[in-house]
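The values are calculated or read from the model by the stated rules, or taken from the named source; none is laboratory data. Note that the structure is predicted; figures quoted are calculated from it, not measured. Virtual Cβ from ideal backbone geometry, glycine too; neighbours counted across all protein chains shown. What goes into the accessible areas is simple: the full protein's heavy atoms, side chains included, and nothing from ligands, DNA or RNA. Shrake-Rupley method; radii C 1.70, N 1.55, O 1.52, S 1.80 Å.
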Amino acid sequence: MKVQLTQKTSMKSPVLEVAILKENQLKRVSDFIGSEVGIQLPSSKHKLVEGRLQKRLTILGFNDFESYLNHTLETSAGELEKLHLIDVITTNKTHFYRESNHFDYLEKSAIAELELMKLNDARQELNFWSAGCSSGEEAYTLSIVLNEIASQKRNFLFNIFATDISQRCLEKAKRGIYTENQIDIVPISLRKKYFLRSKNKKEALVQMGTELKREIKFMKLNLMDKRFSLETKMDVIFCRNVMIYFNDQLREELVSKFENQLVDGGYLFVGHSESLNGKKTILKQVSPMVYRKV
Ligand SMILES: C[S@@+](CC[C@H](N)C(=O)[O-])C[C@H]1O[C@@H](n2cnc3c(N)ncnc32)[C@H](O)[C@@H]1O
């Protein structure tokens, strides 16, 4: 007997109950995230937070936000879930060569200045830090740019530190595997030189080569920590599209920590909408969204 495709069924699909995040529960989340990570969650973010956290409720099997938040924020068993909560709330958008004029500035102006300083200090290496590196594209772009310089200059040695609060992002960054679409923006000659293509043609994946990975140290670091645990003084800090989510006070505190972390003459690069104009800082602007400790 053939089944009639047009036949209507009288069975109704079950209605799934979706948990609703109440105003006071949003406040509990935003108090936690604000004090732990620095990210502000005003009521305009209500739907976004609700949507992102609903996934965690489903995974853990909670029916309502109250029980989820009690478990996560009030019990010792919730410590691990706190990390997932931070992971889902942070915005990790990034891409290779993002705000590419910064990499041009680095290559054409900053490196020559830093090389002179290095000679004066009789140092061997330059140190770079991608602070809030997300899934690694910023650090790998830095690595490409610096490897290219190293191929033209003798004794050009460097280290890249790349840190983020999100464990999920750091794992992706360490794997260094991206889709072909994600590397579209990288010039073909550099793709050929530095990336490994997946053997499985259907997957369309590429892996960062060993030259790019060698100098990068990915580490977990919360920029809100009172004192950074990085011992190395930095020649260049990229902290782009991170402070945008912080309030003015936290931004000023972070910039002051960066001032201490930079060598004299070192550079801080911030995102295009994160000007330090009007902020208390000893750093001097040397190019759009590029600041220097002079
Ligand atoms: C939008 S991404 C920016 C990535 C990259 N810097 C760029 O410009 O493309 C912001 C990153 O900052 C990280 N972040 C936010 N607050 C942080 C904190 N307190 N400590 C460390 N990382 C943080 C997030 O996890 C996220 O991966």
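Name the residues of the stretch 143-175 whose amide N is less than 13 Å from a point 7 angstrom out from the Cα of ARG52 along the C-beta direction?
Correct set: 165-169.
For the chain, what does the helix formula give at 222 nm: sum of -39500 (n - 2.57) over DSSP H segments with n ≥ 4, over the residue count, nearest 500 deg cm²/dmol?
It comes out at -11500 deg cm²/dmol, rounded to the nearest 500.
Mind checking the per residue accessible area of the stretch 23-89 for me, 1.4 Å probe, whole number of Å²?
About 51 Å² of surface per residue is accessible.
For the stretch 88-101, what does the Karplus curve 6.51 cos²θ - 1.76 cosθ + 1.60, with θ = phi - 60°, yield as ³J(HN,Hα) per residue in whole Hz, taken in order and with x for Gly and Pro?
Taking θ as phi minus 60°, the curve returns 6, 7, 5, 9, 10, 4, 6, 7, 4, 6, 5, 6, 5, 4 Hz for the stretch 88-101.
Per the Kirkwood formula on distinct C-alpha pairs, the Rh of the stretch 23-89 is how many angstrom?
This gives a value of 11.9 Å.
What percent do you get for the relative contact order of the stretch 101-292 when only Cα pairs under 8 Å and 6+ apart count?
22 percent
Residue by residue through the stretch 41-58, what is 3J(HN,Hα) from phi via Karplus (6.51 cos²θ - 1.76 cosθ + 1.60, θ = phi - 60°)? Round to whole Hz and write x for glycine and proline.
In residue order, the calculated couplings are 10, x, 5, 5, 9, 3, 5, 4, 5, 4, x, 5, 7, 4, 4, 5, 4, 4 Hz.
Can you give me the % of accessible surface on the chain that is carbon or sulfur? Probe 1.4 Å, all protein chains present, nothing else counted.
It is 52 percent, rounded to a whole number.
Just the accessible area per residue of the stretch 97-227, please: how many Å² with a 1.4 Å probe?
Value returned for the stretch 97-227: 53 Å² of accessible area per residue.
Tell me the label-point distance for the pair GLU171, SER100, using the 7 Å Cα-to-Cβ offset, in nm and rounded to one decimal.
Reported label-point gap for GLU171 and SER100 is 3.3 nm.
On full extension of the chain, what length is gained from ASN155 through SER189, given 0.36 nm per residue of separation minus the C-alpha to C-alpha distance?
Extra length available between ASN155 and SER189 comes to 9.9 nm.
Quick check: the distance between the Cα centres of the stretch 119-179 and the stretch 11-72, to the nearest angstrom?
The stretch 119-179 and the stretch 11-72 have Cα centres spaced 35 Å from each other.
Suppose every K and R has +1 on its Cβ and every D and E has -1 on its Cβ; what is the size of the dipole of the chain about the Cα centre, in Debye to the nearest 20?
1040 debye
For the pair LYS280 and SER43, how long in nm is the line joining their label points, each one 7 Å along Cα→Cβ?
Once both label points are built, they end up 3.2 nm from each other.
Give the residue list of GluC sites (Glu not before Pro) in the stretch 109-196 that are DSSP loop and have at most 16 other beta-carbon atoms within 10 angstrom.
Here the sparse-neighbourhood loop sites are GLU180.
Mind giving me the FRET efficiency for SER67 and PHE228? R0 is 30 Å, r the Cβ-Cβ distance, nearest 0.05 is fine.
Step by step, r from the Cβ atoms, then E = 0.25.
If amide hydrogens are placed 1.01 Å from N in the peptide plane, which non-local residues have theirs closer than 5 Å to the one on LEU157?
Counting only residues 5 or more places away or on other chains, the set is LEU126.
Per-residue counts of other Cβ atoms within 10 Å, averaged by peptide: what ranking do you get for 28-40, 73-85, highest first?
Highest mean packing first, the order is 28-40, 73-85.
Can you work out ³J(HN,Hα) from phi for every residue in the stretch 246-255, in order, using Karplus 6.51 cos²θ - 1.76 cosθ + 1.60 and θ = phi - 60°, giving whole Hz and x for Gly and Pro?
Whole-Hz 3J(HN,Hα) from phi for the stretch 246-255: 9, 7, 4, 5, 5, 4, 5, 5, 5, 4.
Out of residues 5 or more away from PHE238 or on other chains, whose amide H comes under 5 Å of its own, with H placed 1.01 Å from N in the peptide plane?
The list, which skips near neighbours in sequence, is TRP129, SER130, ALA131, PHE269.
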